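Working notes, beginning with the structure itself.
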There are 2 protein chains.
Amino acid sequence: MATIRDVAKHAGVSVATVSRMINGTGYVHEDTRRNIETAIKELQYTPNEVARSLYKKKSKLTGLLLPDITNPFFPELARGVEDEMQENDYRIIFGNSDEDRDKEQDYIQTFVQNNVVGVIASTNSPDTDTYRKLAIPVVFLDRTADDSPSVYSDGREGGRIAAREMIARGSRRVTVMQGPKHVRPAQDRFKGAVEMLKEQGIDYNVVQTSSFSFTDAGTWAEQLFRQYPDTDGVIASNDIVAAAVLHEALKLGKKVPEEVQIIGYDDVPLSGILNPALTTIRQPAYDMGRAAARLLIAFIENKPIEQSTLQMPVTFTERDTTRKAEQ
Amino acid sequence: MATIRDVAKHAGVSVATVSRMINGTGYVHEDTRRNIETAIKELQYTPNEVARSLYKKKSKLTGLLLPDITNPFFPELARGVEDEMQENDYRIIFGNSDEDRDKEQDYIQTFVQNNVVGVIASTNSPDTDTYRKLAIPVVFLDRTADDSPSVYSDGREGGRIAAREMIARGSRRVTVMQGPKHVRPAQDRFKGAVEMLKEQGIDYNVVQTSSFSFTDAGTWAEQLFRQYPDTDGVIASNDIVAAAVLHEALKLGKKVPEEVQIIGYDDVPLSGILNPALTTIRQPAYDMGRAAARLLIAFIENKPIEQSTLQMPVTFTERDTTRKAEQ
DNA sequence: TTGTATGCGTTATCAG
DNA sequence: CTGATAACGCATACAA
């Protein structure tokens with residue numbers, strides 16, 4: 001790898017001049033500029049970001065911490081973040097936390113050890129020293145903490161909508177699936193749904209689940225219909241679980257949506273191609289990722305910030321696992 | 001952030017001693033060790049990886065380049081890579097290439113600018129200077145190049161299996177979907193399928209597709225049944241497309257698998273919960289990711305390497321979009 | 001307009 | 001067993 005010294009020597013100038021020309025700081029004569037440029041070309045020089053980072057105590061690196069990229073909601077988020085970052089010349093150090101505090105800590109630590117200029121995190125414990133002590137900006141994604149910059153959607157409202165639409169379409173023995181206890185967004189949507197069910201005086205049951213994994217989803221689905229065989233409406237904790245419930249319902253010979261209605265959550269890409277296609281509460285994942293990155297960059301670059309807390313809209317996405325609403 | 005100098009001062013020793021104790025290089029008296037340890041604790045010191053990287057010209061950073069994390073095949077791969085890396089204290093700088101040479105170049109460049117010690121790449125152009133000129137080890141994932149370290153599965157064989165099983169189950173007017181022209185694995189499986197179809201003298205049509213995106217998949221599916229309404233077997237280019245074809249077939253009132261059989265490719269997690277569940281050719285994505293990371297680490301750490309080219313097995317995963325084989 | 005010297009935080013060499 | 005010190009590649013203050 002050629003260094004700035006090589007370039008300087010090759011161009012017959014000092015490293016300072018090369019540095020100035022590269023960074024566009026200070027004057028440099030047209031002729032010498034030309035010399036330096038050809039030197040750079042010939043040596044295929046590219047600046048060593050590590051040295052830069054050491055000197056400036058700032059890098060072009062950013063940390064992204066997500067629970068599990070294997071859950072189809074997160075790739076959308078990640079892609080949004082990545083696209084925005086890459087368009088602004090930032091790079092991403094990526095890690096999966098598995099919602100585990102230790103792993104999370106560990107990643108955050110290596111983020112700072114590597115001089116990242118900011119981090120985007122999807123965590124259940126934003127209100128901890130792990131984040132409070134950070135000297136760099138943090139944006140929470142898909143999660144919130146009061147007064148902390150964050151991009152998320154209104155889980156409670158999403159849950160309420162799901163329940164409301166389910167009731168409006170005639171289900172009267174509803175089963176609400178409660179996602180993992182320590183996952184905030186899962187609990188928010190759960191609470192929202194239960195709230196609405198109670199308000200409307202509708203009978204409901206709860207099935208507890210402890211993960212969002214594809215492999216477990218089938219188990220929750222079986223359990224659901226074993227415990228509540230006469231349920232006529234399922235509000236799932238996310239689309240994966242909803243898909244598993246749909247699968248199980250059809251396997252048991254139940255007609256969807258005639259006998260059982262199902263509403264998912266997230267609107268991950270696969271939801272639209274299920275059979276029947278899944279009715280769900282949509283979160284604009286990709287946009288959320290982009291927004292979070294945009295916000296973080298604004299902090300990093302000290303740009304003006306209108307709002308440091310963005311609540312994105314959730315929308316009822318009606319497809320074929322629900323009946324037409326009664327007028 | 002506390003530096004090694006702070007620790008040294010705090011412990012009343014020189015930085016050299018602190019460094020020695022941290023890295024376990026050279027002797028250090030038991031008493032001073034204790035002093036240093038408490039100093040580290042009190043100051044919450046963690047070594048600056050950037051400074052380390054600058055001096056040693058080596059980091060704990062690794063580059064991972066994938067086409068598109070939004071395609072559900074890749075999160076599995078990525079997770080495998082990440083798990084193995086993280087267990088070995090390596091971190092990942094991640095980027096999506098969109099199968100685009102420029103983006104790819106760009107990422108590779110910033111990888112080296114950041115002193116990564118190795119890269120894992122899923123690329124269609126492994127045989128280019130971009131990779132040949134790299135001074136650090138590279139492992140190609142899901143793609144191969146002769147003699148280059150790589151982890152992939154046998155696409156041609158996968159295609160052959162798909163066609164063979166489709167024929168064995170009675171389809172006689174098969175449609176093979178050809179994935180994006182520039183994506184090697186897609187072409188391999190396509191060729192394999194066509195090869196087998198020809199060998200067996202079975203009538204077949206080809207539908208060309210140019211992406212793996214969820215949004216486009218529906219279009220290919222519609223087009224397929226418009227052009228070849230009497231097809232009785234579809235070999236899709238991957239599971240996403242297969243899911244779309246399944247969706248469309250049912251929408252058109254076709255019985256699956258009675259009137260149309262469908263075979264996908266990859267066995268992404270969603271395949272098992274489709275209705276009917278998708279028969280597909282499985283690639284062990286997670287394991288492939290792990291294997292690639294393990295291989296890369298072996299290169300990085302100069303460990304002995306048995307095989308630098310790993311071809312993982314593809315397996316026919318029989319579910320419900322195909323009929324029982326004729327005995 | 002350009003060059004010299006210094007320091008960013010670490011590790012390794014070498015002398016003590 | 002320990003401490004000065006040079007060097008990694010770069011950007012900046014200051015001189016020229």
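Observations
- Most mobile of B:236, B:39, B:217 in a GNM of chain B (Cα contacts under 10 Å): B:39
- For the protein assembly as shown, fraction of C-alpha pairs farther apart than 38 Å, in %: 42 percent
- Normalised by the number of residues in segment B:4-56, the average gap of Cα pairs under 8 Å and 6 or more apart makes the relative contact order 35 percent.
- Cα-based helix-to-principal-axis angle, A:155-168 vs chain A, degrees rounded to 10: 30 degrees
- Based on Cα atoms of segment A:155-284, Rg over Rh with Rh as the Kirkwood radius reads 0.92.
- When A:281, A:297 are sorted by how many other C-beta atoms sit within 10 angstrom of their C-beta, beginning with the fewest, the order is A:297, A:281.
- Centre separation in Å (Cα based) which lies between segment B:154-183 and segment A:169-244: 39 Å
- Long-range Cα-Cα pairs in chain B (distance over 32 Å), rounded percent: 42 percent
- Part-to-part distance (alpha-carbon centres) for segment A:296-327 and segment B:132-150, which is given in Å: 41 Å
- Net charge dipole size for chain A [Lys, Arg +1 and Asp, Glu -1 on Cβ; Debye, nearest 20]: 620 debye
- Each other copy places its own label point for residue A:2 at 4.3 nm from this one, sorted shortest first, where the point lies 7 Å along the Cα-to-beta carbon line.
- Using only side-chain charges placed at the Cβ, +1 for Lys and Arg and -1 for Asp and Glu, the dipole size of segment B:155-284 relative to its Cα centre rounds to 200 debye.
- Counting other Cβ atoms within 10 Å as a rough exposure proxy, the listed residues A:20, A:34 run A:34, A:20 from fewest neighbours to most.
- Counting from the shortest, the label point at residue B:103, 7 Å from Cα toward Cβ, is 2.6 nm from the same position in each remaining copy.
- Radius of gyration and Dmax over the Cα atoms of segment B:26-123, both given in Å: 18.3, 57
- Mean Cα-pair separation over length for segment B:63-197, i.e. relative contact order, pairs under 8 Å, 6 or more apart, %: 20 percent
- Counted by Cβ distance under 14 Å from residue A:97, the other residues give a net charge of -4, where Lys and Arg count +1 and Asp and Glu count -1.
- Segment B:155-284: antiparallel DSSP beta bridges as a percent of all, rounded to 5: 0 percent
- Tensor-based shape of segment B:4-56 (alpha-carbon gyration tensor, a/c under 1.5 rounded, otherwise prolate or oblate): oblate
- Beta bridges by DSSP in chain A, antiparallel share as percent, to the nearest 5: 10 percent
- Pair residue B:105, residue B:315: separation of 7 Å Cα→Cβ label points (nm): 4.3 nm
- Across the alpha-carbon set of segment B:211-261, the Rg to Rh ratio works out to 0.93, Rh being the Kirkwood radius.
- Distances, shortest first, from the label point of residue A:146 to those at the same position in the other copies read 6.8 nm; the point lies 7 Å along Cα to C-beta.
- Debye, to nearest 20: dipole size of segment B:136-225, +1 on Lys, Arg Cβ, -1 on Asp, Glu Cβ: 260 debye
- Here the Gaussian network model covers chain A, with springs between Cα atoms less than 10 Å apart; of A:61, A:296, A:270, A:270 fluctuates the most.
- Of all DSSP beta bridges in the protein assembly as shown, antiparallel share, percent nearest 5: 10 percent
Each reported figure results from applying straightforward, stated rules to the coordinates on display, with no laboratory input. Every value quoted in this text rests on a predicted model; they were computed, and no experiment measured them. Here the Cβ is made from the backbone with ideal geometry for all residues, glycine too, and neighbour counts use every protein chain on show.
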